[in-house]
1. Being surrounded by fewer than 19 Cβ atoms within 10 Å (Cβ to Cβ), at pLDDT 90 or above and out of contact with any Phe, Trp or Tyr (no Cβ under 7 Å at 6 or more places or on another chain) narrows it down to one of L133, L105, L113, L167, so name that one.
2. When the residues of region 170-193 are narrowed to those that are among the small types (G, A, S) and closer than 24 Å to T66 by Cβ, which ends up most open to solvent (accessible area, probe 1.4 Å)?
3. Just to be sure I understand, how many residues within region 31-41 are more than 11 Å from L8 (Cβ to Cβ) and open to solvent by 10 Å² or more (accessible area, probe 1.4 Å)?
4. Looking at region 142-164 only, could you name the residues that are open to solvent by 50 Å² or more (accessible area, probe 1.4 Å), touching a residue at least 40 places away in the same chain (Cβ under 8 Å) and out of contact with any Pro (no Cβ under 9 Å at 6 or more places or on another chain)?
Amino acid sequence: MRPVNILLAEDVRMIRGALIALLELEPDLKVVSAVDRGDIIVPEALKSRPDVAVIDIDLPGTDGLTAAAELHRQLPSCRTLILTSLGRPGTLRRAMSAQVGGFLLKDSPPDQLARAVRKVAAGQRVVDPELALSAWDCPPNPLSPRELEVLRLAAQGADAAEIAACLFLSQGTVRNYLTAIVSKLNARNRIDAIRIAEEAGWIP
């Protein structure tokens, strides 16, 4: 029987090596490619044609969920399994909207990873039950895509002028967006808005 071919995306070298070793202990699983950045997942997948991409959610270049959504668009035959250290309900909702096949916490027992890869390869969804319930109870994200872009840049330390230059907006428009964000999230200020959005998993 042909093994399940896997692309692994993890930026921490030691963890990447451990995951490769763990997966290749299984006779029916084969890691055909390993990358350390989100922006090279799709080009590498188009070359190696994996059955499943196991993707860390926090990657340099492009975050794991953005890369997973683009991978689904360009190579729909490749299913995706997201790994994360934080089980935030909002993050799970983003993962589902990115058409990922599975969502697994990094502190799950090692044997769960191999089982999850097999299930995802077979077209099944794999999600921690408690996390799925918390996502069901989580309120929907009230921010627009543009507001999320503004808040993501603010969370990275950019000021209004830098955000304006990056998004080709005026500084006044950026300030209006930030005011609207604070209001929609019932936050005390910009810092509190960033905290709320990060804890909900609305921004990576």
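The values are calculated or read from the model by the stated rules, or taken from the named source; none is laboratory data. Quick caveat, the model's predicted, so the values are computed rather than measured. Positions of Cβ are backbone-derived with ideal geometry, glycine not excepted, and every protein chain shown enters the neighbour counts. What goes into the accessible areas is simple: the full protein's heavy atoms, side chains included, and nothing from ligands, DNA or RNA. Shrake-Rupley method; radii C 1.70, N 1.55, O 1.52, S 1.80 Å.
1. Working: L133 fails: at pLDDT 90 or above; L105 fails: at pLDDT 90 or above; L113 fails: surrounded by fewer than 19 Cβ atoms within 10 Å (Cβ to Cβ).
The unique qualifying residue is L167.
2. Going through region 170-193, the residues among the small types (G, A, S) turn out to be 170, 172, 180, 183, 187, 193.
Checking the rest, the ones that are also closer than 24 Å to T66 by Cβ come to 180, 193.
On the way: A180: 33, A193: 1 Å².
Among residues in region 170-193 that are among the small types (G, A, S) and closer than 24 Å to T66 by Cβ, the one most open to solvent (accessible area, probe 1.4 Å) is A180.
3. Residues of region 31-41 more than 11 Å from L8 (Cβ to Cβ): 37-40.
If we keep only those that are open to solvent by 10 Å² or more (accessible area, probe 1.4 Å) too, we end up with 37, 39-40.
Total meeting the criteria: 3.
4. Across region 142-164, the qualifying residue is only P142.
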